[in-house]
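Here's the structure, in structure tokens; my notes come after.
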Amino acid sequence: MIARLRGIIEAIDGASCVVDVGGVGYLVFASTRTLASLPMAAAASLLIETQVREDAIALYGFASGAERDWFRLLVTVQGVGARVALALLSALSPDQLIAAIATADKTALTRTPGVGPKLAIRILTELRDKAGAMPGGGSMPQSLAPAGNGILADALSALLNLGYRKAEAEAALAGAVQTHGDDAALDILIRAGLKALAK
């Protein structure tokens with residue numbers, strides 16, 4: 001199995017790229033996020049997930065380990081094939097996926113081509129308990145939780161006391177801080193967090 005490719009990026013289109021490794025061109029499917037990060041006609045390295053089927057061998061490339069890990073998790077959901085998983089990773093970053101799943105944000109998932117309401121609900125249901133263990137999940141991103149920010153801790157405590165789960169509350173507050181800033185007042189953070197959790 002191929003786990004990583006390092007070579008010259010020969011071509012990039014909407015859904016794939018060609019990586020020249022020692023004169024052999026490998027067709028690698030990737031998210032638009034990964035493709036946008038690749039330097040044309042220059043050396044690059046991609047993490048690879050190899051899928052072997054009866055009729056084909058397909059290579060899927062990722063710029064980060066977090067994206068690859070999410071791809072592996074997404075394809076475990078019935079109805080999510082490799083192409084849909086890449087579409088989800090094109091529409092949402094790993095952190096945004098964690099937030100969407102933690103807050104049961106079906107709308108964020110259904111914006112992805114190929115993901116209807118029923119599939120979105122299946123993704124939210126099956127991955128709800130796994131998202132917190134994924135890269136970027138399980139704790140507030142450091143940039144959003146400076147050590148001295150007692151207001152953020154108080155807001156989190158308030159949401160937990162209202163019965164919300166820690167992962168849900170943290171994801172909602174992460175969005176609130178991005179919208180209102182690190183110095184937002186406690187009541188603003190709580191209101192914004194509750195609004196996000198009510199979606």
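Summary of computed values
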{"quantity": "Any chance SER37 is closer than 21 Å to THR76 by Cα and in contact (Cβ under 8 Å) with a residue 12 or more places away in the chain", "calculated": "no"}
{"quantity": "Any hit, the range 172-179, residues being in a helix (DSSP H, G or I), more than 21 Å from GLU67 (Cβ to Cβ) and at pLDDT below 80", "calculated": "no"}
{"quantity": "Selection within the range 24-79 - surrounded by 19 or more Cβ atoms within 10 Å (Cβ to Cβ), within 15 Å of the chain's Cα centre (by Cα), of a type outside the set (A, V, I, L, M) and more than 17 Å from ASP13 (Cα to Cα)", "calculated": "GLU67, ARG68, TRP70, PHE71"}
{"quantity": "Members of the range 146-199 that are surrounded by 14 or more Cβ atoms within 10 Å (Cβ to Cβ) and hydroxyl-bearing (Ser, Thr, Tyr)", "calculated": "TYR164"}
{"quantity": "Check on LEU144, at pLDDT 80 or above and not small (Gly, Ala, Ser)", "calculated": "no"}
{"quantity": "GLY14 farther than 21 Å from ALA108 by Cβ and assigned to a strand (DSSP E or B)", "calculated": "no"}
{"quantity": "Residue identified as touching a Phe, Trp or Tyr at 6+ places or on another chain (Cβ under 7 Å) and more than 30 Å from THR107 (Cβ to Cβ) among LEU59, LEU89", "calculated": "LEU59"}
{"quantity": "Criterion: under 24 Å from ALA131 (Cα atoms) and either part of a loop (DSSP other than H, G, I, E, B) or not assigned by TED's automatic domain parsing to the domain that holds ALA99 (or both) - qualifying residue of LEU47, LEU27", "calculated": "LEU47"}
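Results for (1) among the hydrophobic types (A, V, I, L, M, F, W, C); (2) at pLDDT 95 or above; (3) farther than 21 Å from VAL115 by Cα, shown as yes or no for each residue.
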site	(1), (2), (3)
LEU46	yes, yes, yes
ARG53	no, no, yes
LEU74	yes, yes, no
ALA82	yes, yes, no
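The values are calculated or read from the model by the stated rules, or taken from the named source; none is laboratory data. It should be emphasised that the depicted structure is a prediction, and the values quoted were computed from it without experimental measurement. Ideal geometry is used to build each Cβ from the backbone, glycine not excepted, and the neighbour counts take in all protein chains shown.
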